[in-house]
Amino acid sequence: MFDQTQIQEFKEAFTVIDQNRDGIIDKEDLRDTFAAMGRLNVKNEELDAMMKEASGPINFTVFLTMFGEKLKGADPEDVITGAFKVLDPEGKGTIKKKFLEELLTTQCDRFSQEEIKNMWQAFPPDVGGNVDYKNICYVITHGDAKDQE
């Protein structure tokens, strides 16, 4: 499912989260990890919901499997690009920022203003207000080149 480099990166992440180094990620490990990242007072309900995503104790194998299940949910690049192409009848490879923002904030699983702000930071439109959806599709399916460094 993953190559050796990815497995090593997941192992490093697991080690960071396993704060007490017992080989199992538990609720207190999550709480301590959040605290280390500056997020204090995480609600027990939120931590419980995270722990319930696993079928049992979260050792490295379970952790890796959970990520595999989450990542395999992403559609292939051509499927995502095809969905955007429906919104681009002229085939320019771009969509107007205003149009995309309206869709994302009014339809289905609506984006919050914070999510919209983050999206425009990650994928700024050009001076004409056009968004390169092919780049968005690539990053969704392959990750950002900056993340690979």
- Message: Would you confirm, using the coordinates I've provided, whether K96 is surrounded by 11 or more Cβ atoms within 10 Å (Cβ to Cβ) and either more than 30 Å from T15 (Cβ to Cβ) or not hydrophobic (A, V, I, L, M, F, W, C) (or both)?
- Response: yes
- Starting from residues that are assigned to a helix (DSSP H, G or I) and more than 18 Å from the chain's Cα centre (by Cα), keep the ones in the range 1-10 and report whichever is surrounded by the fewest Cβ atoms within 10 Å (Cβ to Cβ). Q4
- Boolean, T15 is in a helix (DSSP H, G or I) and surrounded by 15 or more Cβ atoms within 10 Å (Cβ to Cβ): no
- Of the residues L64, L47, L30, which is open to solvent by less than 60 Å² (accessible area, probe 1.4 Å), among the aliphatic types (A, V, I, L, M), in contact (Cβ under 8 Å) with a residue 60 or more places away in the chain and in contact with a helix residue (DSSP H, G or I) (Cβ under 8 Å, 6 or more places away or on another chain)? L64
- Of (1) in contact with an Asp or Glu (Cβ under 9 Å, 6 or more places away or on another chain); (2) under 30 Å from N130 (Cβ atoms), V79 satisfies every one except (1)
- Query: Given the conditions (1) in contact with a strand residue (DSSP E or B) (Cβ under 9 Å, 6 or more places away or on another chain); (2) under 25 Å from D3 (Cα atoms); (3) open to solvent by 60 Å² or more (accessible area, probe 1.4 Å), which single one is not true for E53?
  - Reply: (1)
- Hey, among the residues in the range 108-132 that are without any contact (Cβ under 8 Å) to a residue 24 or more places away in the chain and of a type in the set (A, V, I, L, M), which one's least open to solvent (accessible area, probe 1.4 Å)? I116
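The values are calculated or read from the model by the stated rules, or taken from the named source; none is laboratory data. Everything quoted here is computed from the prediction, not taken from an experiment. Using ideal geometry, Cβ is built from the backbone for each residue, glycine included, and neighbour counts are taken over all protein chains shown. Each accessible area value is taken on the protein alone, full model and side chains, heavy atoms only, with ligands, DNA and RNA left out. Shrake-Rupley method; radii C 1.70, N 1.55, O 1.52, S 1.80 Å.
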